[in-house]
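A short reminder: the numbers here are calculations on the coordinates, not readings from a lab. Keep in mind that what you see is a predicted model, and the values were worked out from it rather than measured. Here the Cβ is made from the backbone with ideal geometry for all residues, glycine too, and neighbour counts use every protein chain on show.
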Amino acid sequence: MADPLNITKGVLALADEQKTAKLTLGDKTLDLPVLSPTAGPDVIDIRKLYAQAGVFTYDPGFTSTASCSSTITFIDGDKGELLHRGYPIDQLAGKSHFLEVCYLLLYGELPSAPQLEDFEHRVTQHTMLHEQMMNFFRGFRRDAHPMAIMVGVVGAMSAFYHDSTDIGDPWQREVASIRLIAKMPTIAAWAYKYSIGQPFVYPRNDLDYASNFLRMCFSVPAEDYVVNPILSRAMDRIFTLHADHEQNASTSTVRLASSSGANPFACIAAGIACLWGPAHGGANQACLEMLREIGTPDQIPEYIARAKDKNDPFRLMGFGHRVYKNFDPRARVMKESADEVLDLLGIEDNPTLQVAKELEKVALEDPYFADKKLYPNVDFYSGIILDAMGFPTAMFTPIFALARTVGWISQWKEQISDPQLKIGRPRQLYLGETARDYTNVENR
Ligand code: SDX
């Protein structure tokens, strides 16, 4: 198809034969430009709507709203397709590894061998935290949720890394990006160690990214720790499957925060806070807890009935998605990985995995789920693998946040370097009181 808008690497330029959408309001008819993407639905450009017609559009939850243009990740919810810079997620999960995917998301192309070596070296050189930051962990109760710790410590990075907070300086943006990707495993691991009363374990420069994280989580000073290659491969794949996902709630939070010019550490802390919710990244923890609560396959019908009951707020955690109306391609890979990891670990007849598989089967055969196009999402199987690897459920969302940091940072960099960047400032449909005069308390 000819390029009607001369889209060159995500820069929109209106072409001569512009497609338009007619909007008639009373005696007014507007021709709104229609912008065509390289993939996915056309968008109606309403940027001038309020100025031209004095009306807003109304879309709470943003079910039909494109908040930005981007070249990073594309999702086709009907096909169950997820592309990172054009590469399908199942190919990246099977053939690439997390730091290579980080490079792809950040810079737009797969790296050459020298580029990858240099990138991995730069990340490795930034894995340690400023020693003073340890004090932040110790300020929390031992039973603090690790996500609370991550929000706090990542936000506090703004107070330590002043030489990479100036978002107007491309070099500082690059340093902040590398620092965040490099330090998140250390922060997540230390949050875990703090919660179990064990000493912090420093990163090692001779280990790959996933192995380093596992060692910081599970090694103790009292004995040597050898990383299990099965676990580090599975960990790396889980990181890849969570790296980025278009304009989801936490990414949109990071974009909105960065539109005010806030520093990258503050923006990522905002993204972590948003991801924590059980409707979003918190679903992996909620899903495993749900599977454990169901306990045995014979209890599944009761929970299916509750999920369908409009008067019951219960939802099947790990099921459904705003965009995917087909299988989440990440869930497919995660399901294969769950089988593989449990088998390689010699964990047979894992009751939680049996419940998950039976629940998936029963739900997908139920018209309620089929009609509403509800399928397992990325969170449905991930918890089973993480549980088998020895992580407590409270660490599931921190691991999601660790992996998603590269997606947040890539989207942040794309937005910050957009010359047309404006602060995000939505309007509203106001349904409150109209103007009225104050009355003194004695007259009320
Ligand atoms: C992530 O956006 C992203 O890309 C997110 C993510 C990423 O990588 O960043 O993919 C990660 O957050 C995955 C989603 C994890 N959340 C869960 O697993 C929680 C359970 N799922 C839901 O709460 C829900 O499906 C959402 C939040 C994921 C999506 O909600 P939507 O798009 O707003 O859909 P909806 O709530 O309007 O539901 C549509 C219908 C409703 O029924 P009706 O009112 O039309 O009768 O489907 C029903 C819902 O009641 N429904 C469910 C259900 N999810 C939706 N019913 C039972 N169980 C569910 N899980």
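Details
- Cα principal axis extents for segment 20-66, largest first, Å: 35, 24, 15
- Relative contact order, whole percent, for segment 72-212 stands at 21, derived from Cα pairs under 8 Å and 6 or more residues apart.
- For the chain, the residue among Gln299, Pro221, Ala182 whose Cα projects farthest onto the positive side of the dipole built from Cβ charges is Ala182.
- With both labels modelled 7 Å from their Cα along Cα-to-Cβ, the Gln132 to Asp309 distance reads 5.5 nm.
- Here the Debye sum runs over all C-alpha atoms of segment 282-389 as equal scatterers in vacuum, and log10 of I(q)/I(0) at q = 0.09, 0.12, 0.16, 0.17 Å⁻¹ comes out as -0.21, -0.37, -0.66, -0.75.
- With R₀ fixed at 30 Å, the C-beta to C-beta distance from Phe62 to Ala435 puts the FRET efficiency at about 0.50.
- Amide H partners (placed H, <5 Å) of Gly320, local residues excluded: Tyr375, Asn377
- Span-like helix check, the chain: qualifying full DSSP H segments, with Cα axial length of 27 Å or more and mean Kyte-Doolittle of -1.0 or more, are 170-195, 396-416.
- Ordering of 397-410, 423-436, 207-220 by packing [mean C-beta count within 10 Å, highest first]: 397-410, 207-220, 423-436
- Net length gained if the chain between Gln354 and Gln198 were fully extended (0.36 nm per residue, minus Cα distance): 52.9 nm
- Using a Gaussian network model of the chain in which every pair of alpha carbons under 10 angstrom is joined by a spring, one finds that among Lys48, Lys79, Lys183 the greatest mean-square fluctuation is at Lys48.
- Max mean-square fluctuation residue, GNM over the chain, Cα-Cα springs under 10 Å, options Ala66, Ala279, Ala222: Ala222
- Coordinate range of the alpha-carbon atoms in the chain per principal axis, descending: 78, 71, 56 Å.
- Lysines with Cα under 30 Å of Lys310, excluding same-chain neighbours fewer than 8 positions away: Lys79, Lys325, Lys335, Lys357, Lys361, Lys372, Lys373
- Residues with amide H under 5 Å from that of Thr73, placed H, sequence gap 5 or more: Arg85, Glu246
- Between segment 294-349 and segment 402-444, the C-alpha centres lie 35 angstrom from each other.
- A convex hull fitted to the Cα coordinates of segment 166-208 yields 85 cubic angstrom per residue.
- Straight-line cross-link partners of Lys22 among the aspartates and glutamates, defined as a Cα under 17 Å from its Cα and at least 8 positions apart when in the same chain: Asp31, Asp42, Asp45.
- Here's the list of lysines a cross-link from Lys28 could span, going by alpha-carbon distance under 27 Å and ignoring same-chain residues fewer than 8 apart: Lys19, Lys48.
- For segment 60-211, fraction of C-alpha pairs farther apart than 27 Å, in %: 38 percent
- Highest mobility in the GNM of the chain, judged by mean-square fluctuation with C-alpha springs under 10 Å and restricted to Gln299, Gln52, Gln172, is found for Gln52.
- In Hz, Karplus ³J(HN,Hα) per residue of segment 88-97 (6.51, -1.76, 1.60; θ = phi - 60°; x = Gly, Pro): x, 4, 5, 6, 5, 5, x, 10, 9, 9
- Segment 190-333: radius of gyration over Cα atoms, expressed as a fraction of 2.2 N^0.38 Å: 1.30
- Cα centroid separation, segment 61-128 to segment 199-272: 15 Å.
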